[in-house]
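The values are calculated or read from the model by the stated rules, or taken from the named source; none is laboratory data. Because the structure is a prediction, the values reported are computed rather than measured. Here Cβ is always computed from backbone atoms with ideal geometry, including for glycine, and neighbour counts include all displayed protein chains.
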Amino acid sequence: MSNRTPLMPKATAVWLVENTSLTFDQVAEFCGLHQLEVKGIADGDVAQGIKGMDPIASGQLSRDEIKRGEGNPDYRLRLQESKVEIPTVKTKRGPRYTPVSRRQDRPNAVMWLLRNHPELKDSQIIRLVGTTKPTIAAIRDRSHWNAANLAPQDPVTLGLCSQIDLDSEVAKASKRTAAERKAAGLPEAKAGTLLPTAETVPGLGPQPDISFPEPEAEPTETPQAEASRVLARLNELSTGEKDE
């Protein structure tokens, strides 16, 4: 079968079967269908109720091409190149759809993103968790209606976005921030260090500094002292054997 098939192949096959003397193999090859399917169209068992579409009127096949096929059963029809260039339509990616069961978790995910990735734009947060700008603004300035009960939660753990999407958005934001700092003549931001537990765990005050004493180094023994110790041990063993 050909890789390129006409628009509405079944409707085109119906028209060719009804209006031409092409063989089933030729129609099947041109429309990208199976031979038995084309035979079923001719018998009325397949494509019932489908109105045939004229490939000549749609500019996909010429009359001369059909005549060549009717005159030679081994001839394979060729799809005519379209004279009209159809531009590809780029669909704008909208906000991510969030299941109803997960929508109550979105404010917690927004708070987590605002706290851990402040470099993200509102549009990026919207793409990740499917929220709105007013909601992000309300969570940022603590004016959200449920601000007292919000707790930051990782959107990946909540199932609102994938780790790949989150890493991609963070990488874009970091690249944009670095470019803005460079354009402003500011030095590159250094990587941060881990904060102490007293600052990251709520309610945990400063902890006492627990230090362990270093083990004392074992005294080194000179060869003479080692020889004297071994000789004294041998004397003790020999004396014990004599007593027995």
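Odds and ends about this structure:
- Residues that are over 19 Å from Arg63 (Cβ atoms) and in a loop (DSSP other than H, G, I, E, B), drawn from the stretch 15-40: Gly32, Leu33, His34
- Qualifying positions in the stretch 10-42 - touching a residue at least 24 places away in the same chain (Cβ under 8 Å) and among the small types (Gly, Ala, Ser): Ala11, Ala13, Ser21, Ala28, Gly32, Ala42
Results for (1) at pLDDT below 90; (2) among the aromatic types (Phe, Trp, Tyr); (3) in contact with a helix residue (DSSP H, G or I) (Cβ under 8 Å, 6 or more places away or on another chain), shown as yes or no for each residue.
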residue	(1), (2), (3)
Ile164	no, no, no
Glu169	no, no, yes
Ala173	no, no, yes
Ala178	yes, no, no
Gly185	yes, no, no
Thr200	yes, no, no
Pro206	yes, no, yes
Ile210	yes, no, no
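- Members of the stretch 1-14 found to be surrounded by fewer than 22 Cβ atoms within 10 Å (Cβ to Cβ) and in a helix (DSSP H, G or I), listed by number: Pro9, Lys10, Ala11
- Candidates Val89, Val110: the one that is over 17 Å from Arg4 (Cβ atoms) and either modelled with pLDDT under 90 or in a loop (DSSP other than H, G, I, E, B) (or both) is Val89.
- Here is the figure for the stretch 187-198: residues that are part of a helix (DSSP H, G or I) and either hydrophobic (A, V, I, L, M, F, W, C) or modelled with pLDDT of 60 or more (or both) total 1.
- Of the numbered criteria (1) surrounded by fewer than 17 Cβ atoms within 10 Å (Cβ to Cβ); (2) within 26 Å of the chain's Cα centre (by Cα); (3) over 13 Å from Gln104 (Cα atoms), the one Asp141 fails is (2).
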